[in-house]
Ligand code: NAD
Ligand code: ZN
């Protein structure tokens, strides 16, 4: 068994109060092995992706509130360096490289867990929201829910699969689409969206990307979208999508924009029988769908929330085999505030991954 020297303190990015900004502290305590409960493990993180959800949590613009003070982050990858005493049947051991996703833990015994909707477990613990997340060098997580990372898949390349990838993978898996169908992805140039373009392609779908600006246009087209609609420039988003799809409209839309704008035209550009898969999480917005046309066109409106352990392993496997690639830039933990500013302004094409060796 490998032995690890676990320091008493570490760097951590902390939000004291909603909207108060994020401060990096150098002397945040690290839990020691004897402080871990059965089932808990300590993971020494190499890196963590920064998701728009972390920005919602830090700003407090959701109807659900994070525990404060908050250490955000839920796209971490690192090595298991300690496991709580009396942990039984752990699927991971010391030295294993694992990922930390949004769903940190669930009871595994309730109806939701038994049916595979672990994310809806009433006892769910959420990384970087109800328990401390991955914007720190050492995170306490849970042996049953960490995701093994295959050898040879670099940690920084794997990080954003753990939220962005898993989430869109599951949303597309349940989108009731068939090979050759058209899928519209509003938010396609962002963290979730650019992975959605790729998982949709893996499923054999034809992709129309919606986002704004040259960088996101180039990224989406390079990743295999057949058409890009700039939501800031287009005068007729619905018309452009209908035209591209031969007049009928798209079979499905997976909305990954954090702003409600991404949802507004979806019912209109879906063809009869189409599926609107809601993924992006604007805090206060409501879906303004015409009841008449939802019925008349037999539209299905579904919500999809992250993924379970199986979705995570499937999404990681597809990416580890090179079929989906996170487009990312690395920055030090101290850059988190700037990352949030860039995200709020819509300036990040793909993802930022915080690298803790920097
Ligand atoms: P991001 O900021 O990286 O990407 C969002 C993209 O949406 C940006 O590229 C932006 O330009 C684009 N956009 C904004 N307005 C638009 C519009 N009107 N039409 C089309 N595109 C538009 O954010 P992200 O990290 O990809 O997260 C996106 C959203 O998904 C957030 O609300 C986040 O909280 C949510 N999310 C949901 C789940 C889930 O389980 N359902 C999981 C993770 C994240
Ligand atoms: Zn996320």
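The values are calculated or read from the model by the stated rules, or taken from the named source; none is laboratory data. In this text the structure is predicted, and so the values were computed from the model without any measurement. Quick reminder, even Gly has a Cβ in these numbers, built from the backbone with ideal geometry, and neighbours come from all protein chains shown.
The residues listed here are 5, 26; of these, the one that is assigned to a strand (DSSP E or B), more than 23 Å from the chain's Cα centre (by Cα) and surrounded by fewer than 17 Cβ atoms within 10 Å (Cβ to Cβ) is 26. When only residues in the stretch 287-308 that are within 15 Å of ligand 1 (Cβ to nearest atom) and over 14 Å from the mean Cα position of the chain (by Cα) count, which is farthest from residue 51 (Cα to Cα)? Across the stretch 287-308, the extreme among qualifying residues is 288.
The set of residues in the stretch 316-329 that are in contact (Cβ under 8 Å) with a residue 60 or more places away in the chain and touching a strand residue (DSSP E or B) at 6+ places or on another chain (Cβ under 9 Å) comprises 316, 326, 327, 328.
Can you name the residue in the stretch 290-323 that is away from ligand 2 (no atom under 16 Å from the Cβ) and closer than 22 Å to residue 216 by Cα and is also surrounded by the fewest Cβ atoms within 10 Å (Cβ to Cβ) among such residues? Filtering the stretch 290-323 for residues that are away from ligand 2 (no atom under 16 Å from the Cβ) and closer than 22 Å to residue 216 by Cα, the one surrounded by the fewest Cβ atoms within 10 Å (Cβ to Cβ) comes out as 322. All of 219, 195 fail the test of being away from ligand 2 (no atom under 16 Å from the Cβ), buried (at least 23 other Cβ atoms within 10 Å of the Cβ), at pLDDT 95 or above and assigned by TED's automatic domain parsing to the domain that holds residue 257, apart from 219. Within the stretch 330-358, the set of residues being without any contact (Cβ under 8 Å) to a residue 60 or more places away in the chain, under 22 Å from residue 211 (Cβ atoms) and assigned to a helix (DSSP H, G or I) comprises 338, 341, 342.
Listed by first and then second residue, the pairs linking a residue in the stretch 78-103 that is on the phi > 0 side of the Ramachandran plot to a residue that is at pLDDT 95 or above and in a loop (DSSP other than H, G, I, E, B), with Cβ atoms under 8 Å apart and 6 or more places separating them unless they lie on different chains, are 86/38. Hey, any hits in the stretch 64-85 for a residue that's away from ligand 2 (no atom under 16 Å from the Cβ) and modelled with pLDDT under 95? The answer is yes, given that some residue of the stretch 64-85 is away from ligand 2 (no atom under 16 Å from the Cβ) and modelled with pLDDT under 95. Close contacts from the stretch 42-63, counting a first residue that is more than 12 Å from ligand 2 (Cβ to nearest atom) and a second that is assigned to a loop (DSSP other than H, G, I, E, B) and modelled with pLDDT under 95, with Cβ to Cβ under 6 Å and a gap of 6+ residues or different chains, come to 59/19; 60/18; 60/19; 61/283; 62/283. Identify, please: which residue in the stretch 149-171 is away from ligand 2 (no atom under 15 Å from the Cβ) and touching a strand residue (DSSP E or B) at 6+ places or on another chain (Cβ under 6 Å) and is, among those, farthest from residue 218 (Cα to Cα)? By that ranking, first place goes to 149. Here residue 144 qualifies as farther than 29 Å from residue 263 by Cα and buried (at least 18 other Cβ atoms within 10 Å of the Cβ). Consider the stretch 89-111 and keep the residues that are assigned to a loop (DSSP other than H, G, I, E, B) and within 16 Å of ligand 2 (Cβ to nearest atom). The one that is surrounded by the fewest Cβ atoms within 10 Å (Cβ to Cβ) is 102.
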